[in-house]
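Engineer: What follows is a structure written as structure tokens; I'll ask about it next.
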Amino acid sequence: MTEILNKTPLHALHVELGGKMVPFAGYDMPVQYPLGIMGEHKQTREKAGLFDVSHMGQARYTGDEAALEALLTCDLALLGAGEQKYTLLLNDQGGIRDDLMVSRPDGDGIFLVVNAAMKDQDFAHLEAGTAGKGKLVRLEDRALLALQGPAAKDVMARLCPDASKLIFMQCGAFTLDGVEVLVSRSGYTGEDGFEISIPQADAVRIARLLLAQDEVEAIGLGARDSLRLEAGLCLYGHDMDTTRTPVEASLIWALAKTRRERGDFPGAAIIQQQIDAKTSQKRIGLTLSGAPAREGAEIATKDGKIVGVVTSGGFGPTFNGPVAMGYVERDFMAEGTELDLIVRGKPRAATVTKLPFVPHNFFRG
Amino acid sequence: MTTRYTEDHEWITVDGDVATVGITVHAAEQLGDVVFVELPDTGKTLAKGDEFAVVESVKAASEVYAPIDGEIIAINSVLDDAPATVNEDAAGAGWFVKIKMSDASQLDGLMDEAAYNAHIA
């Protein structure tokens, strides 16, 4: 039986651009274009890349914000107009149901962006958790584009000058080529850049306009993955899931200090106990030489004891070598710890390395 | 010298009883940028169909299977430091191994260039 795949509003454009289409999170998406993953990765680090992330889930929440906040790890009272925050959706055991962005781009409540593969579950969970107190509206008629890379600001200065004045994790409603768009200065590559939510009827025209700029090339999911891995950013379902808490996932920074003090987030008792007692495992970065270690590769001590597992791994084109993230027992999490990664039965020497592997290049003003 | 091809996108050229094996230009294009090639040790004995090498692209690892029975008598150590040679010259400088064949009659079952081109068309 063939799976019926969804298509984003840009699907025909991807095909026209020579995108190699693959199934991803229920969508038929471009894994790469003729430039290739290596070239697309470098293009994004050196100039600018345009990503279609319309498969991700966009929604608006209006109503009692305390009801929404109770499901998350951020402090919505501290989220000002024009601000965006990375936050986590937790279950009652403190396990990570998803990671998401919340923001206030305009006067109309909270704008949320969740992972494509999780959107149905997330929205159902948010609706159930806020029933009778707030209203969640899925924005299925909007596309989402990410313009990433050091030249992204020059492109935006040309096409949407007001949005180019945002700094990292700020957002707003702007007009781009006559279309009302929601723009945030953020992304998933470690580079400076923008995410642009567009009414789907205008998405292809805006994408073509962005691609027509000299600095910009279309980038597929392959480079999106290698870029985020070098930036040390988690991929949901791989580097974190409901079996991992924010403490284990090294994402405790996404838990607002005020929420931690109040202890009013899901799984608070478990998470507080893990903070105090220091949990058994932690997400760390690893570098190695030779063969890339992929997801599922075991992490061993030099005397062969298995102490963890790789959750994301591959070749880092900018780092110019294999990089991986994984979970290890706490005794082995210190930077510089020498370990082995078991690749096809052979131990490959690896070193625990500070994340990110490639420095972040965010514009903080 | 005749080049023969497998359905798994390897090429073989034969000189006496020694076969040189690599992956096809088509396979290299499909894989994209090769970042690492894991080759076997010389002296290893292979049976047709055995996995003998792994090609890593940015995205994924792909196995390479022995097209014939024999013993590995040489590996292309150029690929250790310059795996991208596979992309640059898959049919030449990007060769993987040389195999001393134990049953040359196995070559008869492989495709010629026209048949391979039809296979990937």
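Every read-out reported here was derived from the displayed coordinates using simple, explicitly stated rules and does not represent laboratory data. From a predicted model like this one, the values you see are computed outputs, not experimental measurements. Ideal geometry is used to build each Cβ from the backbone, glycine not excepted, and the neighbour counts take in all protein chains shown.
Engineer: 222 nm [θ] for the protein assembly as shown, helices only, -39500 (n - 2.57) per DSSP H run of 4+, per residue, to 500?
Structural biologist: Calculated at 222 nm, the ellipticity per residue is -5500 deg cm²/dmol.
Engineer: Oh, and also: Please go through the residue pairs A:Lys85/A:Lys302; A:Lys119/A:Lys278; A:Lys20/A:Lys135; A:Lys133/A:Lys153; A:Lys346/B:Lys100; A:Lys42/A:Lys165 and name each one whose alpha carbons sit more than 29 Å apart in this structure.
Structural biologist: Numbers: A:Lys85/A:Lys302 40 Å; A:Lys119/A:Lys278 32 Å; A:Lys20/A:Lys135 38 Å; A:Lys133/A:Lys153 39 Å; A:Lys346/B:Lys100 26 Å; A:Lys42/A:Lys165 25 Å.
Flagged as over cut-off: A:Lys85/A:Lys302; A:Lys119/A:Lys278; A:Lys20/A:Lys135; A:Lys133/A:Lys153.
Engineer: Sum up the charges of everything whose Cβ sits under 12 Å from the Cβ of A:Thr258, counting Lys and Arg as +1 and Asp and Glu as -1, but leave A:Thr258 out.
Structural biologist: 0
Engineer: For A:Arg259, A:Arg224, what's the fewest-to-most ordering of other Cβ within 10 Å of each Cβ?
Structural biologist: A:Arg259, A:Arg224
Engineer: Considering every residue in B:24-36, what mean count of other chain Cβ atoms within 10 Å of its Cβ is obtained?
Structural biologist: Working: counts 0, 0, 0, 0, 0, 1, 1, 0, 8, 9, 2, 11, 8.
Mean shielding count: 3.
Engineer: Hey, another quick one. Rounded, prolate or oblate: pick one for chain A, where a ≥ b ≥ c are the square roots of the eigenvalues of its C-alpha gyration tensor, a/c under 1.5 means rounded, and failing that, prolate if a/b is larger than b/c, else oblate.
Structural biologist: oblate
Engineer: Assigning unit charges at the beta carbon (Lys, Arg +1; Asp, Glu -1) and nothing else, what dipole magnitude in debye, to the nearest 20, does the protein assembly as shown show about its Cα centre?
Structural biologist: It works out to roughly 1660 debye.
Engineer: Using a 10 Å cut-off around each Cβ of peptide B:56-66, what is the average number of partner chain Cβ atoms that fall inside?
Structural biologist: That average works out to 5.
Engineer: Across the range B:77-86, in residue order, what do the Karplus-derived ³J(HN,Hα) couplings come to in whole Hz, using 6.51 cos²θ - 1.76 cosθ + 1.60 with θ = phi - 60° and x for Gly and Pro?
Structural biologist: Result, rounded to whole Hz: 5, 4, 5, 4, 9, 9, x, 5, 4, 4.
Engineer: What list of ³J(HN,Hα) values in whole Hz, one per residue of the range A:248-258 in order, does the Karplus curve 6.51 cos²θ - 1.76 cosθ + 1.60 (θ = phi - 60°) give from phi, with Gly and Pro shown as x?
Structural biologist: 5, 7, 6, 10, 5, 5, 7, 9, 4, 4, 5
Engineer: A follow-up question, please. Amide H neighbours of A:Gly285 under 5 Å, counting only residues 5+ apart in sequence or on other chains, H built in-plane at 1.01 Å?
Structural biologist: For A:Gly285, the qualifying residues are A:Thr353, A:Leu355.
Engineer: Also, I was wondering about something else. To make sure I understand, if each residue's beta carbon is the centre and we count other beta carbons within 10 Å, what order do B:Leu110, A:Leu145 fall in, fewest to most?
Structural biologist: B:Leu110, A:Leu145
Engineer: Per residue of the range B:41-47, in order, report the coupling 6.51 cos²θ - 1.76 cosθ + 1.60 (Karplus, θ = phi - 60°) as ³J(HN,Hα) in whole Hz, putting x for Gly and Pro.
Structural biologist: Once rounded to whole Hz, the list reads 7, 5, x, 6, 9, 10, 10.
Engineer: Rounded to the nearest 20 Debye, what is the dipole magnitude of the range A:301-352 about its Cα centre when Lys and Arg each give +1 and Asp and Glu each give -1 at the C-beta? Write out the running numbers ahead of the final one.
Structural biologist: On the way: 6 positive and 6 negative charges, 50 e Å.
Approximately 240 debye in magnitude.
Engineer: Once a ≥ b ≥ c are taken as the square roots of the eigenvalues of the Cα gyration tensor of chain B, is the result rounded (a/c under 1.5), prolate (a/b larger than b/c) or oblate (a/b not larger than b/c)?
Structural biologist: Details: a/c = 1.71, a/b = 1.18, b/c = 1.46.
Oblate, because a/c is 1.5 or more while a/b does not exceed b/c.
Engineer: Hey, another quick one. Exactly which GluC sites (Glu not before Pro) in the range A:263-365 are in a DSSP loop and have at most 13 other Cβ atoms within 10 Å?
Structural biologist: Passing sites in the range A:263-365 are A:Glu335.
Engineer: All other residues with a Cβ under 14 Å from the Cβ of A:Gly172 taken together, and with Lys, Arg as +1 and Asp, Glu as -1, what is their net charge?
Structural biologist: Here the charged neighbours net out to -3.
Engineer: Something else now. For the range A:16-105, which trypsin sites (Lys or Arg not before Pro) are in a loop by DSSP, counting at most 11 other Cβ atoms within 10 Å?
Structural biologist: Loop-located and lightly packed - none at all.
Engineer: Using the Cα centre as the reference, give the magnitude of the dipole from point charges on the C-beta atoms of the range B:12-105 (Lys, Arg: +1; Asp, Glu: -1; all else neutral), rounded to the nearest 20 debye. List each step's numbers first, then the result.
Structural biologist: On the way: 5 positive and 17 negative charges, 26 e Å.
In total the dipole reaches around 120 debye.
Engineer: Within the range A:128-186, which trypsin sites (Lys or Arg not before Pro) sit in a loop by DSSP and count at most 16 neighbouring Cβ atoms inside 10 Å?
Structural biologist: Answer by residue number: A:Lys133.
Engineer: Please list, ordered by chain and number, the residues whose modelled amide H lies under 5 Å from the amide H of A:Leu176; skip anything fewer than 5 residues away on the same chain.
Structural biologist: HN-HN under 5 Å from A:Leu176: A:Val181.
Engineer: At a Cα cut-off below 12 Å, give the aspartates and glutamates reachable from B:Lys44, other chains included and same-chain residues fewer than 8 away excluded.
Structural biologist: Leaving aside aspartates and glutamates fewer than 8 places away in the same chain, those within reach of B:Lys44 are B:Asp69, B:Glu71.
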